[in-house]
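Take a look at the structure set out below.
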Amino acid sequence: YVFLYAPLVVVVLYSFNDSRLNAQWVGFTLAWYQKLLHNEAMLTAARNSLFIALVAAAASTVLGTLAGFALHRYRPRVLPVLVLATIAIPEILMGVSLLIFFVLLNVTLGMLSIMLAHITFCIGFVALVVRARLAGMDESLTEAARDLGASPTQAFRWVTLPPIMPGVVAGALMAFTLSLDDFVITFFTAGPGSTTLPL
């Protein structure tokens, strides 16, 4: 934990350093945070990033959970390729492909195109986490619920979802983090006025 978190603590401490270079500690200041709070371009980029990450995480969590469930339960042939391709292909290739796709569909590049792109590449990560969680679940619980008269939707909602909820939450957090941090795909799918923090 020291190895992982010590550099982060040093970065946070040096953000209060009264020096432009941060080569050595000069003194304590809040001037950098005051400048940040008055930098409208940076605040707009932060708002855009958070909004896109929240929407992408919510949508990809729902779709990725359903895809993970389908991958585990029905074992389709084409779905694994579609879901896992977003993880396997390089980001630059995916960014260019999505750009071409949006241009062909005449979608205006901006916040909507970024959100759709982020949802697309986050679904695979959520689906993998949920599928791994489903692999450790006892299928007889769902079968017992069905035998007792539960519909497939009720069995999923009340029997399957609670045990896999940690996987769903982990997938949502991963999707949020990946969306918040993405540069390459955002670079290709962003339009004017849709700047995010990584850009």
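Only the coordinates and a few stated rules stand behind these numbers; no lab work does. Just so it is clear, the model here is predicted, and its values are computed rather than measured. FYI the Cβ positions are ideal-geometry reconstructions off the backbone, even for glycines, and counts take in every protein chain you see.
Remarks
- Of all complete DSSP H helices in the chain, those with a Cα span along the helix axis of 15 Å or greater and a mean Kyte-Doolittle hydropathy of 0.5 or more are 2-14, 40-73, 91-104, 111-135, 161-181.
- Whole-Å distance, taken between Cα centres, linking the stretch 2-16 and the stretch 132-199: 31
- Taking all Cα pairs closer than 8 Å and separated by 6 or more residues, the relative contact order of the chain comes to 31 percent.
- GNM result for the chain, Cα springs below 10 Å: residue of SER151, SER49, SER60 fluctuating most strongly: SER151
- The stretch 1-49 shape via C-alpha gyration tensor axes, a/c threshold 1.5: oblate
- Pairs of Cα atoms nearer than 8 Å and 6+ residues apart set the relative contact order; for the stretch 99-199 it is 47 percent.
- Among 170-178, 190-198, 89-97, the peptide with the highest mean count of other Cβ atoms within 10 Å heads the list, and the full ranking is 170-178, 190-198, 89-97.
- Classification of the stretch 7-88 by its C-alpha gyration tensor yields a prolate form. The axis ratio a/c (a ≥ b ≥ c) is 1.5 or more, and a/b outweighs b/c.
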